[in-house]
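Student: To start, I am sharing the structure in question, which I have written as structure tokens.
The values are calculated or read from the model by the stated rules, or taken from the named source; none is laboratory data. Please read these numbers as outputs of a predicted model, since none were measured by experiment. Quick reminder, even Gly has a Cβ in these numbers, built from the backbone with ideal geometry, and neighbours come from all protein chains shown.
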Amino acid sequence: MAENTVTRGNLPVHDEGEQRPATRQRSLFLTPAVDIYESKDGLVVVADVPGLKREDLDITVEENVLTIHGRMSREEPEPLQAREYTLHDYFRQFTLGDRVDRDKIHATLEHGVLTLKLPHAEHAKPKRIAVK
Amino acid sequence: MDSYWNPFQELEVLRRGIDDVFASVWPTGAGRTSAFLPGRSARSYPLLNIAARDDRFVIDAFAPGLDKDSLEVTVDRNVVRISGEKRDLTDVAPERFHRRERAAGRFTRTVQLDGEIDEKRVEATYADGILHLDLPKSAAALPRKISVAVK
């Protein structure tokens with residue numbers, strides 16, 4: 001599983017019908033930090049996406065590219081006296097290998113942590129070959 | 001020792017100069033971060049956005065995946081202390097990781113606000129990975145109007 005380098009031209013276009021305000025330009029994204037590990041059934045991707053609700057997340061698999069896109073709907077408290085972070089949409093893409101069963105990808109979100117389970121496809125599971 | 005030209009010192013002067021420019025453009029926000037020091041995030045966790053209203057302070061802490069039971073917020077006059085723990089994926093053997101970018105561990109962060117807080121009315125909620133603190137100012141810290149007696 002490799003990370004895909006994203007060129008800005010490839011970004012999904014929001015069909016909301018109106019231009020976003022200048023402070024929320026499409027080109028500004030946060031890249032969520034991820035852990036990826038191998039479990040016994042497949043790959044698990046854990047991503048930190050604080051501020052997102054379940055309905056803000058848009059996870060798609062197209063060709064062999066897994067896209068995590070989170071629209072930040074949360075507002076910052078006003079008026080700010082000190083700012084250490086800025087809220088933006090989240091965006092990250094990964095290239096999936098042949099071993100992932102695309103129809104069985106499972107996602108959960110808890111306390112701003114997104115867990116994606118990518119199970120191995122049947123044909124990629126280890127098989128024992130009987131010797132006759 | 002100081003008689004030698006030190007390029008690193010020159011860089012430090014330049015960095016401060018740049019910081020000063022940023023601080024003058026955004027007197028409250030971005031000026032607090034330093035131009036070439038990305039390590040700040042390692043020192044202060046969680047990151048905070050602090051809003052000051054007439055009657056209260058509002059703090060939003062950027063803190064995903066905290067262990068709810070370990071989360072502790074204490075308020076003493078104008079000092080707010082947040083501590084807790086972000087759990088690691090302890091049940092996964094290190095050799096099974098392909099990528100490991102998320103940090104974990106215990107943290108404590110203390111912020112000093114410019115007004116006294118009414119401890120009894122503080123409300124803290126943790127949702128969607130953001131810790132939200134609502135800190136009403138104590139009556140003594142609220143601005144008071146003083147009527148002028150004209151004689």
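Okay, residues lined up against (1) within 12 Å of another protein chain (Cβ to nearest Cβ); (2) in contact with an Asp or Glu (Cβ under 7 Å, 6 or more places away or on another chain); (3) among the hydrophobic types (A, V, I, L, M, F, W, C):
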| residue | (1), (2), (3) |
| --- | --- |
| A:ASP48 | yes, no, no |
| A:GLU62 | no, no, no |
| A:ILE68 | no, no, yes |
| A:PRO79 | yes, no, no |
| A:GLY97 | yes, no, no |
| A:ALA107 | no, no, yes |
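Student: From (1) surrounded by fewer than 19 Cβ atoms within 10 Å (Cβ to Cβ); (2) away from chain B (no Cβ under 12 Å), pick out the condition that doesn't hold for A:SER73.
Tutor: All conditions are met except number (2).
Student: Starting from residues that are without any contact (Cβ under 8 Å) to a residue 24 or more places away in the chain and touching a strand residue (DSSP E or B) at 6+ places or on another chain (Cβ under 7 Å), keep the ones in segment B:105-151 and report whichever is nearest to A:GLU75 (Cα to Cα).
Tutor: Within segment B:105-151, the match that is nearest to A:GLU75 (Cα to Cα) is B:THR125.
Student: Whether any residue in segment A:50-58 is away from chain B (no Cβ under 14 Å) and modelled with pLDDT under 95 is what I want to check.
Tutor: Taking every residue of segment A:50-58 in turn, at least one turns out to be away from chain B (no Cβ under 14 Å) and modelled with pLDDT under 95.
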